[in-house]
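Enquirer: Before I ask anything, let me first share the structure, which is written out below as structure tokens.
The values are calculated or read from the model by the stated rules, or taken from the named source; none is laboratory data. Values in this document were obtained by computation on a predicted structure and should not be read as measured data. Here Cβ is always computed from backbone atoms with ideal geometry, including for glycine, and neighbour counts include all displayed protein chains.
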Amino acid sequence: MQNDEIKFEVNWELSRRDFLEAAKTMIEITSAPGKTIPIPVEDDTGPAIMLLAGLNCGGCHLCCKSVMAAGLLETEIKALQKNHGTEGFTKEGLIFPCRFLTETGCSIYAERPLVCITYPLQGGAQSSAGKLLAVESVCPQAREIALRAYAIAWDISHKRKQLKAEAESVIKGGDKRLK
């Protein structure tokens, strides 16, 4: 699901506290149902895995109940339909609530589609740097994930700036520790 056009400028020069307050405001604005929360992580598998590794899913299954539809790869649709029949699918993917959700959880967990594995992360947010990941706001963990991503991004940005300044100082001969 795409956000309506919402502009949010990331100001890396703010103090960490002010930066996180600004991020919290942006997260609140983009947390409405049907919205996604953009996070400062390039749309790539590596960062997605790191964010998901820290996710503590509470098993509420809102992702299986409230998402309007999940786009699947054509090969995923064919495999699921072959093994489970064509009910509950559109041409593009699954219809929700998901027919594979049971009282004990996902009945196809071992063969669940990629969109389910990576939920609540999804691609598609845009920035001046290119495509970013976004967090589906339906997930109760969405705000925590987004804020954690912004905090880590701020830490990395400021550490890089500090290291660059130190390296430039060494190159210019200004580092007395090396003399």
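Enquirer: Cβ-Cβ distance below 9 Å, separation of 6 or more or different chains: which pairs start in region 16-35 with a residue that is within 18 Å of residue 137 (Cβ to Cβ) and touching a residue at least 40 places away in the same chain (Cβ under 8 Å) and end on one that is aromatic (Phe, Trp, Tyr) and surrounded by 12 or more Cβ atoms within 10 Å (Cβ to Cβ)?
Expert: Pairs found: 23/8; 23/150; 23/154; 24/150; 27/150; 30/8.
Enquirer: Quick one: how many residues across region 93-110 are touching a residue at least 24 places away in the same chain (Cβ under 8 Å) and either surrounded by fewer than 14 Cβ atoms within 10 Å (Cβ to Cβ) or within 15 Å of residue 65 (Cβ to Cβ) (or both)? Reasoning before the result, please.
Expert: Step one: list which residues in region 93-110 are touching a residue at least 24 places away in the same chain (Cβ under 8 Å), which gives 93-98, 100-101, 105-106, 108.
Within this subset, residues satisfying the condition of being either surrounded by fewer than 14 Cβ atoms within 10 Å (Cβ to Cβ) or within 15 Å of residue 65 (Cβ to Cβ) (or both) are 94-98, 100-101, 105-106.
Going through region 93-110 one residue at a time, the tally reaches 9.
Enquirer: Quick one: is residue 101 at pLDDT 75 or above and in contact with a Cys (Cβ under 9 Å, 6 or more places away or on another chain)? Outline the logic, then answer.
Expert: Working: at pLDDT 75 or above: yes; in contact with a Cys (Cβ under 9 Å, 6 or more places away or on another chain): yes.
So residue 101 passes the test.
Enquirer: Same structure, new question: Out of all the residues in region 41-57, is one or more outside any helix (DSSP H, G or I) and modelled with pLDDT of 90 or more?
Expert: Step one: of region 41-57, the residues outside any helix (DSSP H, G or I) are 41-44, 54-57.
Within this subset, residues satisfying the condition of being modelled with pLDDT of 90 or more are none.
Within region 41-57, none of the residues are outside any helix (DSSP H, G or I) and modelled with pLDDT of 90 or more.
Enquirer: I've got another one for you. Could you check how many residues of region 77-124 are outside any helix (DSSP H, G or I), farther than 30 Å from residue 40 by Cβ and among the acidic types (Asp, Glu)?
Expert: Counting residues in region 77-124 that are outside any helix (DSSP H, G or I), farther than 30 Å from residue 40 by Cβ and among the acidic types (Asp, Glu) gives 2.
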